[in-house]
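Here the structure is laid out as structure tokens; the discussion comes afterwards.
Values quoted throughout were computed directly from the atomic coordinates according to the rules given, and no laboratory measurement underlies them. Fair warning: this is a prediction, and the values are worked out from it, not measured in the lab. For neighbour counting, all protein chains shown are included, and Cβ atoms are generated from backbone atoms with ideal geometry for every residue, glycine included.
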Amino acid sequence: MKQELLSNMDKIHTTEMGKERIRKNLQVDTKNIVEYCKSKLLDGNCIIYKCGKNWYCEIDNIKMTIHSHSYTIITAHRMP
């Protein structure tokens, strides 16, 4: 199942508002937040699972939510 998301990496994107929200939530200063998120997804330690209409990806105390049909990164948060 994880392979389904990884094989569609070229479709992963987010909105302008999403970019700012993710930067703020993760407290990272990078110009290309989508590429930052993609690099986390490609890390072999990333735990990827699907629940309902979303993919969830957990790595380095970060949890990302990606819509399973549009491949939009909805949000990302630091986990406690």
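Here are a few things to note about the model shown:
- Of all lysines in the structure, those lying under 17 Å Cα to Cα from LYS31, and not within fewer than 8 positions of it along the same chain, are LYS19, LYS40.
- The chain: trypsin sites (Lys or Arg not before Pro) falling in loop per DSSP and having at most 16 other Cβ within 10 Å: LYS31, LYS53
- Degrees, to the nearest 10: 33-42 long Cα axis against longest axis of the chain: 40
- Taking the chain and dividing mean pair separation by its residue count, relative contact order in percent (alpha carbons under 8 Å, at least six apart): 31
- Around the amide H of ILE74, modelled in the peptide plane, lie the amide H atoms of THR65, ILE66, HIS67, all under 5 Å away and 5 or more residues distant in sequence or on another chain.
- Within the chain, percent of DSSP bridges classed antiparallel, to nearest 5: 95
- Each residue of the stretch 73-80 was assigned a 3J(HN,Hα) from its phi angle through the Karplus curve 6.51 cos²θ - 1.76 cosθ + 1.60 (θ = phi - 60°); the sequence is 6, 7, 7, 8, 9, 7, 8, x Hz, with glycine and proline shown as x.
- Calculated from the alpha-carbon coordinates, the chain shows an Rg and a Dmax of 11.4, 31 Å respectively.
- Helix axis angle, 16-26 relative to the chain longest principal axis, alpha carbon, degrees: 80
- Check: the stretch 2-78 dipole with +1 on Lys, Arg Cβ and -1 on Asp, Glu Cβ, in debye: 180
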